[in-house]
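Where a number appears in this text, it was derived from the coordinates with a stated rule and is not lab data. Because the structure is predicted, anything quoted here is derived from the model rather than measured. Ideal geometry is used to build each Cβ from the backbone, glycine not excepted, and the neighbour counts take in all protein chains shown.
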Amino acid sequence: MQTHIEYKSFNREKSTEELQYHVLLYAESLQNLKEELIFLQFLVNAQIYRPKIMNLFENLEQFKKELEKCIQKSDKLIIKVNSHKSQIANIIECDELACDNYFMNLHNEIEQNIHQFINQALILKSRIFNYLQGVIQTE
């Protein structure tokens with residue numbers, strides 16, 4: 001059984017520079033994860049499997065669908081993170097508490113979405129790795 005750490009925000013005390021730095025890290029992590037997913041998509045589409053594996057086609061098709069969804073979601077998150085990078089600078093210009101709260105809530109929401117996506121992607125990667133180990137032709 002896999003366990004994952006639940007998202008918890010510690011952003012209230014962070015400076016704007018710290019928030020910007022973390023957003024840059026998220027953007028880079030998402031891009032790297034997307035590249036890994038694209039490679040897995042390549043593996044799933046490759047003709048490298050042992051013959052006569054029960055439900056091979058169905059399992060590979062399911063993985064293809066899940067990978068495609070995951071890659072599309074990573075694209076959306078990358079766009080959202082890149083947009084958010086430029087918005088963080090606006091936090092400095094906020095004079096009101098309501099404005100600060102709005103940006104912090106937005107940041108926390110984006111961060112939570114990224115956290116959940118990464119966990120989902122890691123579970124998918126693990127499932128694919130475990131499956132492919134048993135069906136790839138090694139000789």
*Please list, in chain and number order, the residues 5+ apart from Y49 or on another chain whose amide H is under 5 Å from its amide H, with Hs placed from the backbone.*
Q137
*Using the 2.2 N^0.38 Å rule of thumb for compact globular proteins, work out how region 43-84 stacks up: its C-alpha Rg over that value, please.*
1.65
*Calculate how large, on average over all directions, the projected area of the Cα convex hull of the chain is; give the answer in nm² to one decimal.*
9.8
*Dimensionless Rg over Rh [region 18-69; C-alpha; Kirkwood]*: 1.23
*Using a cut-off of under 19 Å, list every residue of region 96-135 whose amide N is near the label point 7 Å from the Cα of Q31 along the Cα-to-beta-carbon line.*
111, 114-115, 118
_For the chain, what does the helix formula give at 222 nm: sum of -39500 (n - 2.57) over DSSP H segments with n ≥ 4, over the residue count, nearest 500 deg cm²/dmol?_
-28000 deg cm²/dmol
*Please express the Cα-Cα pair-distance distribution P(r) of region 60-112 as a list of whole percents, one per 5 Å bin, running from 0 to the bin with the greatest distance.*
4, 18, 19, 17, 12, 9, 8, 6, 4, 2, 1
*Hey, in the chain, which Cys have no second cysteine's beta-carbon closer than 4.7 Å?*
C70
*Among the listed pairs K34/K125; K34/K80; K8/K76; K34/K76; K8/K125; K85/K125, give every one whose C-alpha distance is greater than 18 Å.*
K8/K76; K8/K125; K85/K125
